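Nothing in this text is a laboratory measurement; each read-out follows from the coordinates by a stated rule. Worth saying up front: this structure is predicted, and the values here are computed from it rather than measured. With ideal geometry, Cβ positions are generated from the backbone for all residues, glycine too; neighbour counts draw on all protein chains shown.
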Amino acid sequence: MKDFYLVYKNLTRKKLRLFLTCFAIFIAFLIFGAVTALQGALNSGVEMSADNRLVVFNKINFTQPLPYAYVNKVRSIDGVEHVTHANWFGGYYQEPANQIVTMAVAPESYFEVYEELVVDPQQKASWLANQAGVLVGERLAKVNNWQIGDRIPISSSIFSHKDGGQTWDLVVEGIFTANDPQIDTGYMVFHYKYFMETQSWGGDYVGWIVLTTEDPALNEQVAKAIDENFANSQAETDTDTEKAFNKAFIEQIGNIGLIIFGVVFMAFFTILVLVGNTMVLAVRERTNEIAVLKTLGFSSPRIFRMILTESCLLSFLGGLLGIGAAFLVVRFLSEMMARFLPNLVLGSDILLQALGYMLLLGLITGIVPAVNALRLNIISAFARG
Amino acid sequence: MNQDNLFELNKVSKRFTKGKETISIFDNLDMQIKRGDFLAIMGPSGSGKTTLLNLLGGVDQPTSGEVWFDGSRIDSLSESQLAKWRANNIGFIFQFYNLMPMLNAAKNVELPLLLTNLSAKERQQRVDTALQLVGLADRAKHMPAEMSGGQLQRVAIARAVVSDPKLLLCDEPTGDLDRRTADEILEMLQLLNREFGKTILMVTHDPAAAKYATHTLHLDKGQFVREGGVPAEEVSL
């Protein structure tokens with residue numbers, strides 16, 4: 001600790017250089033924090049997927065429906081535990097820009113398959129009893145300030161109501177939560193039967209089927225059995241785990257992981273070169289001073305530690321400011337984009353990762369000048385002037 | 001080793017290898033420095049003054065021979081042991097002061113004390129005393145860039161004496177100063193020698209500076225010579 005003042009004075013002796021170097025580190029950690037939080041938000045669906053949950057879609061693509069009869073056929077396959085189904089409604093509230101994730105589901109089985117969702121039994125009973133009832137996720141209800149008993153007009157950008165228009169009057173019968181705060185509750189579900197009876201296209205189809213297997217080890221076997229069962233039919237199926245489906249869905253945008261790795265790698269590589277070079281120059285300028293310290297009796301390992309401490313301090317100074325700014329940016333964006341990226345948060349895992357990178361950056365950029373100082377010969381240093 | 005001697009060099013040789021050539025700086029050099037002495041070493045450039053100072057200051061080691069300090073051999077100490085030995089026993093005063101530009105006078109003087117176990121309060125007391133001794137108590141918070149050459153050298157002297165070393169090694173301490181300021185610095189060194197009993201070894205080109213010492217040795221081509229260039233068989237003071 002006695003050397004800390006010396007380290008601090010060395011670090012702050014050239015204010016402009018300190019500012020510019022810190023700024024470079026600040027930007028790198030700002031990018032790291034924001035981009036990693038974005039990756040986390042995009043991947044949260046994948047991470048939260050249940051291990052034993054499978055999704056059955058039309059093989060053509062996931063926008064094509066499946067015959068309703070498939071639901072019972074899937075239920076009869078060995079290894080299947082629970083089965084439910086859902087239809088995409090394409091809902092919005094008041095304005096098309098205000099999109100609401102709305103699905104028409106099988107009310108009895110939906111909560112068997114999605115066990116992580118929690119709903120008060122009384123509210124669930126009320127919902128089951130009311131065909132025009134809707135269960136709203138906690139986050140969605142909070143965003144729109146909806147309460148139980150509210151009558152909410154939800155319009156569809158795809159379907160028309162039999163009575164004309166595209167709006168369904170739904171009644172909030174309950175608000176569901178989840179047993180993990182990371183699980184998204186930014187959507188609503190209403191009765192499949194009511195949807196089919198009231199929409200003008202009619203028909204007897206489902207959007208997709210979701211099922212749980214008795215054991216995750218059976219996933220592959222069950223998926224294969226389902227797809228083989230509907231092979232060469234009018235609507236062939238493509239069955240995959242929920243995790244794989246969510247991952248593939250995200251990757252439609254592109255290989256997010258690779259893009260993010262590229263951005264973060266470039267940012268860190270740039271500051272590594274920049275800060276490393278700055279540290280080497282800063283210490284080289286002090287050759288004479290280091291020789292003086294050694295002459296006075298400061299041991300080489302002690303000077304080595306002082307330089308590493310200085311580079312780590314620099315890294316933590318810029319890094320903590322950067323990650324702090326990233327935290328504010330992410331918090332601002334999470335409020336702005338709550339509907340699209342519900343899990344956009346800069347959590348403790350990212351913070352710990354960032355602290356690790358700060359330490360690594362400090363050690364890597366400080367090691368060369370520290371070793372140079374360690375090896376510095378007093379006589380040669382004074383001879384160089 | 002004679003108890004009156006603080007330093008003894010016994011048959012010390014120092015050679016450097018430059019490419020295929022071996023350059024001998026000293027060959028079987030003997031020397032004794034008595035406790036409480038103020039010794040000036042003079043000699044032309046390349047005579048080995050700085051190398052001698054480096055050997056005595058423990059920043060360089062002889063190729064052969066023995067270096068004794070206060071009853072202990074120091075020529076076989078490791079680098080870290082020498083660093084500790086320097087911190088405990090030697091005060092250095094350089095021609096160009098070699099103060100840390102980012103530290104104020106008080107913090108510069110405190111540097112050798114960071115190597116001790118003294119508390120912050122004790123360190124502060126010692127720094128205040130050292131600065132008072134060199135007449136710069138009112139300049140404690142001044143940065144090196146705000147001080148004259150004479151003041152900088154006085155801060156350097158305060159830094160050299162603050163840890164109460166047994167020996168002060170001065171490398172051309174007045175080489176960068178005008179005559180008047182140089183005399184003030186030399187008077188200060190004389191005071192430290194006479195009043196505080198500090199043993200001082202000063203390397204200088206300046207005959208006027210050497211007059212402040214109690215003894216002067218002339219070094220030429222790695223040998224002590226009498227004034228006028230006559231080789232001395234043995235130098236004992």
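The table below gives the values:
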{"read-out": "Whether region B:1-49 is rounded, prolate or oblate, judged on the alpha carbon gyration tensor where a/c under 1.5 counts as rounded", "value": "oblate"}
{"read-out": "Average Cα contact separation per residue, region A:65-234, under 8 Å, 6 or more apart, as relative contact order %", "value": "34 percent"}
{"read-out": "D (Stokes-Einstein, µm²/s), Kirkwood Cα radius, region A:1-55, 0.692 mPa s at 37 °C", "value": "219 µm²/s"}
{"read-out": "Chain B: relative contact order as a whole-number percent, Cα under 8 Å and 6+ apart", "value": "29 percent"}
{"read-out": "Neighbour-limited loop hits for chymotrypsin sites (Phe, Trp or Tyr not before Pro), region A:164-237 (at most 14 other Cβ within 10 Å; DSSP other than H, G, I, E, B)", "value": "A:Trp201"}
{"read-out": "Angstrom value of the Kirkwood radius, inverse mean 1/r, which spans all Cα pairs in chain B", "value": "18.4 Å"}
{"read-out": "Net charge over other residues, Cβ less than 12 angstrom from the Cβ of B:Gly48 (K, R count +1; D, E count -1)", "value": "+1"}
{"read-out": "Table column - 3J(HN,Hα) (Hz), region B:83-96, Karplus curve with 6.51, -1.76, 1.60, x for Gly and Pro", "value": "4, 5, 4, 4, 4, 7, 10, 10, x, 10, 10, 9, 4, 9"}
{"read-out": "Long-range amide H partners of A:Tyr205 with built H, under 5 Å", "value": "A:Tyr68"}
{"read-out": "Principal semi-axes in Å for region B:124-191 [√(5λ), Cα gyration tensor, largest first]", "value": "18, 16, 10"}
{"read-out": "Equivalent ellipsoid semi-axes - Cα gyration tensor, the protein assembly as shown, angstrom", "value": "86, 25, 18"}
{"read-out": "10 Å-binned pair-distance histogram of region A:240-335 (Cα, whole percent)", "value": "12, 25, 25, 17, 12, 6, 2, 0"}
{"read-out": "Phi-based couplings in Hz for region A:226-238 (Karplus 6.51, -1.76, 1.60; Gly and Pro marked x)", "value": "5, 5, 5, 4, 9, 5, 6, 8, 5, 10, 6, 10, 10"}
{"read-out": "D (Stokes-Einstein, µm²/s), Kirkwood Cα radius, region B:82-206, 0.692 mPa s at 37 °C", "value": "229 µm²/s"}
{"read-out": "Per residue Cα convex hull volume in Å³ - calculated over region A:65-234", "value": "128 Å³"}
{"read-out": "Surrounding net charge for B:Gly36, when Lys and Arg each add one and Asp and Glu each subtract one, Cβ distance under 14 Å", "value": "+1"}
{"read-out": "Local electrostatic count at B:Trp68 - Lys and Arg +1, Asp and Glu -1, tallied over other residues with Cβ under 10 Å", "value": "-3"}
{"read-out": "Other-chain or far-sequence residues with amide H under 5 Å of B:Leu219's (modelled H)", "value": "B:Met42, B:Gly43, B:Val225"}
{"read-out": "When the convex hull of its Cα atoms is projected in every direction, mean area for region A:299-385 (nm²)", "value": "7.2 nm²"}
{"read-out": "Global geometry of region B:21-85, whether rounded, prolate or oblate, following the gyration tensor of its Cα atoms and the 1.5 cut on a/c", "value": "oblate"}
{"read-out": "Per DSSP, loop trypsin sites (Lys or Arg not before Pro) in region A:1-104 with at most 14 further Cβ within 10 Å", "value": "A:Lys2"}
{"read-out": "Candidate lysines for bridging to B:Lys221, where Cα separation is under 18 Å - those fewer than 8 sequence places away on the same chain excluded", "value": "B:Lys11, B:Lys14, B:Lys18, B:Lys49"}
{"read-out": "Other-chain or far-sequence residues with amide H under 5 Å of A:Asp150's (modelled H)", "value": "A:Val172"}
